[in-house]
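The block underneath contains the structure these notes are about, expressed in structure tokens.
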Number of protein chains: 2
Amino acid sequence: MSKEALPGLSLCNNAMLRRATRKIGQYYDDVLAPSGLKATQQGLLYQISIGNEPAMGAIAAALIMDLSALGHTLKPLIRDSYVETFADPADRRIKRVRLTPQGQVKLDEVMKLWRVAQQHFEEVVGKDRAQSLRAALEDVSALDFDLPPAA
Amino acid sequence: MSKEALPGLSLCNNAMLRRATRKIGQYYDDVLAPSGLKATQQGLLYQISIGNEPAMGAIAAALIMDLSALGHTLKPLIRDSYVETFADPADRRIKRVRLTPQGQVKLDEVMKLWRVAQQHFEEVVGKDRAQSLRAALEDVSALDFDLPPAA
DNA sequence: TTCAATTAGTGGCATATACCACTTTTAATG
DNA sequence: CATTAAAAGTGGTATATGCCACTAATTGAA
């Protein structure tokens, strides 16, 4: 009873999202840990692998991530030779990204762990609940939040 | 058609969560920007304000956040004199946290903006959809993901 | 009471992520 | 064609977060 006298943060969409991301992120990170990659890096490598030598801007857009943030996040992966970049010959403003052979090997390795994490997650959460959660997240991610006038 | 030849990341619960968090986080941050606080800081100030001079560990647990991460996150708020800490007299291992008077004023200010952000969010997403999204996030955050055996 | 756990935080290090100012290229326009 | 505007990244700075090793304080057991 002493708890919940005040609304708490469970009403804030953003706070709940962050909290869940910390929780789930720790879980996926734990399972992927043997690979030496974080879940964010696994996701980034995968995103690169399914693109056709994607431009940085394209990756950032797909991940709804700031372009400069992507640049920073890419650095450890370049340093560890999992990823390399090159200027687009047709437009030298554009920098394209691809996996190195080692990066492909590492991705294969980490995806095995990802499948374990993913499957166990769906066992615990339930396949349907996980599915509808992802759908809801996809939906809100696609929405257009214009700045409210009163702000 | 060229798209979606491969599953993409829309199947990964963690990736979708992160992506949505970036998107929504940017929106809330934008609306709260006039206060000079990020949405994470607003959430933290609020969490402190509804507690009874909560211990750091209690805050970290409520936010499902690493204790040391909380310590780091608290630093700018202490530096700006919105928050202060003191040792629990009964157990000097425990450090308690409270808002300063300025912190209370700043919280009142940022909560006005938060209400604007929250309301507009619910207009765009729909009150019911937002509600069920938060409930789903609450649910997964409460689950216990033991490390899967194959990992 | 003494000494081995356990608990609560800290500090260092690394990644994640954003914003801003700036540079380089390209595109657009008169 | 010269100038201006727009597009794509980079680097710096700051917050967000996590892990690990370490310290201090308390608890528990011999």
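The values are calculated or read from the model by the stated rules, or taken from the named source; none is laboratory data. Model, not experiment: these values are computed from the prediction. Here the Cβ is made from the backbone with ideal geometry for all residues, glycine too, and neighbour counts use every protein chain on show. Ligands, DNA and RNA are stripped out before the accessible areas are found, and what is left, the full protein with its side chains, is counted by its heavy atoms. Shrake-Rupley method; radii C 1.70, N 1.55, O 1.52, S 1.80 Å.
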| request: Take the residues in the range A:63-88 that are among the aliphatic types (A, V, I, L, M) and within 11 Å of DNA strand D (Cβ to nearest atom), then tell me which one is farthest from residue B:19 (Cα to Cα). | output: A:87
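Report yes if residue B:28 is surrounded by 14 or more Cβ atoms within 10 Å (Cβ to Cβ), within 12 Å of DNA strand D (Cβ to nearest atom), under 21 Å from residue A:10 (Cα atoms) and aromatic (Phe, Trp, Tyr), otherwise no. Write out each step before concluding.
Values: surrounded by 14 or more Cβ atoms within 10 Å (Cβ to Cβ): yes; within 12 Å of DNA strand D (Cβ to nearest atom): yes; under 21 Å from residue A:10 (Cα atoms): yes; aromatic (Phe, Trp, Tyr): yes.
Considered against the rule, which asks whether it is surrounded by 14 or more Cβ atoms within 10 Å (Cβ to Cβ), within 12 Å of DNA strand D (Cβ to nearest atom), under 21 Å from residue A:10 (Cα atoms) and aromatic (Phe, Trp, Tyr), residue B:28 comes out as yes.
Return the total of residues in the range A:89-146 being assigned to a helix (DSSP H, G or I), away from chain B (no Cβ under 12 Å) and within 16 Å of DNA strand D (Cβ to nearest atom).
So in the range A:89-146, the residues assigned to a helix (DSSP H, G or I) come out as A:101-125, A:127-142.
So of that shortlist, the ones also away from chain B (no Cβ under 12 Å) come out as A:101-109.
So of that shortlist, the ones also within 16 Å of DNA strand D (Cβ to nearest atom) come out as none.
Residues meeting the conditions: 0.
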| query | Right, residue B:65: closer than 24 Å to residue B:95 by Cα and more than 8 Å from chain A (Cβ to nearest Cβ) or not? | reply | no
| said: Please go through the range A:37-52 and give me each residue that is free of Cβ contacts under 8 Å to residues at least 12 places away in the same chain and near DNA strand C (Cβ under 10 Å from one of its atoms), ordered by number. | reply: A:38
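With respect to residue B:63, determine if the residue is modelled with pLDDT of 95 or more, hydrophobic (A, V, I, L, M, F, W, C), more than 18 Å from residue A:12 (Cβ to Cβ) and more than 7 Å from DNA strand C (Cβ to nearest atom).
On the way: modelled with pLDDT of 95 or more: yes; hydrophobic (A, V, I, L, M, F, W, C): yes; more than 18 Å from residue A:12 (Cβ to Cβ): no; more than 7 Å from DNA strand C (Cβ to nearest atom): yes.
No: the conditions fail for residue B:63.
Only one of these is among the β-branched types (Val, Ile, Thr), at pLDDT 95 or above and surrounded by fewer than 16 Cβ atoms within 10 Å (Cβ to Cβ): B:105, B:110, B:116. Name it. It would help to see each step written out before you state the result.
Values: B:110 fails: surrounded by fewer than 16 Cβ atoms within 10 Å (Cβ to Cβ); B:116 fails: surrounded by fewer than 16 Cβ atoms within 10 Å (Cβ to Cβ).
On inspection, the qualifying residue turns out to be B:105.
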| field | Residues of the range A:51-75 satisfying the condition of being open to solvent by less than 40 Å² (accessible area, probe 1.4 Å) and over 22 Å from residue B:27 (Cβ atoms) | value | A:51, A:54, A:55, A:56, A:71, A:74
